[in-house]
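Here the structure is laid out as structure tokens; the discussion comes afterwards.
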Amino acid sequence: MAYELKVPQTGESITEVQVGEWLKAEGEAVETDEPVVVLETDKATVELPAPEAGVLEKIVKAEGEFAKVDETLAIIGNAVAGKGKKPGKTAKKKVAESVAEPAVAGQENTGQENMGQKNMGREKRVMPAAKRAMAQAGLGPDDVKGTGPGGRVLKEDVQKAAADAKGKSREQTTRPPVQAPPDPLGREEEVVPMSMIRRSIADRLVSAQHNAALLTTFNEIDMGAVMALRKKRQDAFVKKHGIKLGFMSFFVKAAVDALKMFPAVNGSIRDRDFVFHDYYDIGVAIGGGKGLVVPVLRDADRMSFGAIEKAIADFAERARANRLDLDELRGGTFTISNGGVYGSLLSTPIVNPPQSGVLGLHGIKDRPMAVDGQVVIRPMMYVALTYDHRIVDGREAVSFLRRVKEAVEDPAMMLLEV
């Protein structure tokens, strides 16, 4: 028998997904637990496997469309040439015919199973109360999915179908498609639906701007000491950890060091209360395949330089492939965003709610600096701290950023904890 591939519950707060790439085409065989389609949520991208082997008979939701939890994405029927085996051209043709020309209600099949769809064309059993409800709602048997014994249509099924239809009608009425006026010069536009991740990013950024009292303070860091240390110890670091020593691990360590001294920057606001965390979960902003994501380094204060570099490299690789787990994106007490990798010289980052602070890193540029009364060329980086002024005072923010500067300019401070 055929079964429906539905949108699963992928998270407590997730009610809608966007259909990404279909990994199987109509008529292709699928094996048990084989990924069939990619689903995009507002937090991550996940692959949906087939619970049973069969043939992908019909794709209900095309790529780019949105679907709610428990909504049908595709119809999968039994395989012809054995479970998990790819059907031949004849089998594919039968599948196409069965999808394109469904049996008429009330007409029974004449003994032909038609790709495991035996008796699929029989008339639905509609209970009397359900018939009256359908008449009142203006629905037909094909508009209602029966959940009773043997697929019988119950009154509750009709009420649910009517509510769903009403909701869709309301959505179409309140959100009409935007029609751009024709360009007088005959130029064209391309309208692309906003992805779930991009929608989430947009909502959170607007929420942060509206609900928090954001302020940004700046400083500059001489990166000479860190660059010299990396050059001196790079080979030994790679030999031991199997990965290069980057700049981010220094800033993660420096941020944790400063957060311990100024706990408000590691806190948040919950309703009318201040929340101070006694742990340090540092989010690292990474440009992924579908947009910016912020995977979290749990208990970053307990991680070594090597562990931090490995974790960030792993996050970056899986972010590009949209393979990050939802749990890796949840939580976080503080965020670090490095716009310098894209060439940014200076910016004002936005906090990631409900956090109260975000550290922005930028490009390293050789600049003339006054050192011991002389002008010398030094590799300098501008850094920015955007903070929620409701919980963090200006003195704490400035002092926090100065502490980060001191720790990076003299890395031994972090090792000696002075």
Condition first: in contact with a Phe, Trp or Tyr (Cβ under 6 Å, 6 or more places away or on another chain), in the same structural domain as Ala407 (by TED's automatic domain parsing) and touching a residue at least 12 places away in the same chain (Cβ under 8 Å). Can you find one or more residues in the stretch 310-323 that meet it? no
For the stretch 239-288, how many residues are farther than 19 Å from Met381 by Cβ and among the aromatic types (Phe, Trp, Tyr)? 5
Complete set of residues in the stretch 368-388 that are surrounded by 14 or more Cβ atoms within 10 Å (Cβ to Cβ) and not hydrophobic (A, V, I, L, M, F, W, C): Arg378, Pro379, Tyr382, Thr386, Tyr387, Asp388
Scanning the stretch 179-204 residue by residue, those among the small types (Gly, Ala, Ser) and assigned to a helix (DSSP H, G or I) turn out to be Ser200, Ala202
Does Met194 count as of a type in the set (A, V, I, L, M, F, W, C) and modelled with pLDDT under 90? yes
The strands (runs of 3 or more DSSP E) lying wholly within the stretch 205-297 that contain at least 3 residues that are touching a residue at least 12 places away in the same chain (Cβ under 8 Å) and of a type in the set (A, V, I, L, M) are 214-222
For the stretch 138-151, name all the residues that are closer than 19 Å to Thr72 by Cβ and either crowded, with 17+ Cβ neighbours inside 10 Å or more than 36 Å from the chain's Cα centre (by Cα) (or both). Leu139, Gly140, Pro141, Val144, Gly146, Gly148, Gly151
Just to be sure, is Phe274 in the same structural domain as Arg390 (by TED's automatic domain parsing) and farther than 28 Å from Met369 by Cβ? yes
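Residues checked against (1) modelled with pLDDT of 95 or more; (2) in contact with a His (Cβ under 8 Å, 6 or more places away or on another chain):
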| site | (1), (2) |
| --- | --- |
| Ile350 | no, no |
| Pro353 | no, no |
| Val358 | yes, no |
| His362 | yes, no |
| Met380 | yes, no |
| Ala384 | yes, yes |
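The values are calculated or read from the model by the stated rules, or taken from the named source; none is laboratory data. Since this is a predicted model, take the numbers as computed values, not measurements. Every residue, glycine as well, gets a Cβ built from its backbone with ideal geometry; the counts of neighbours run over all protein chains shown.
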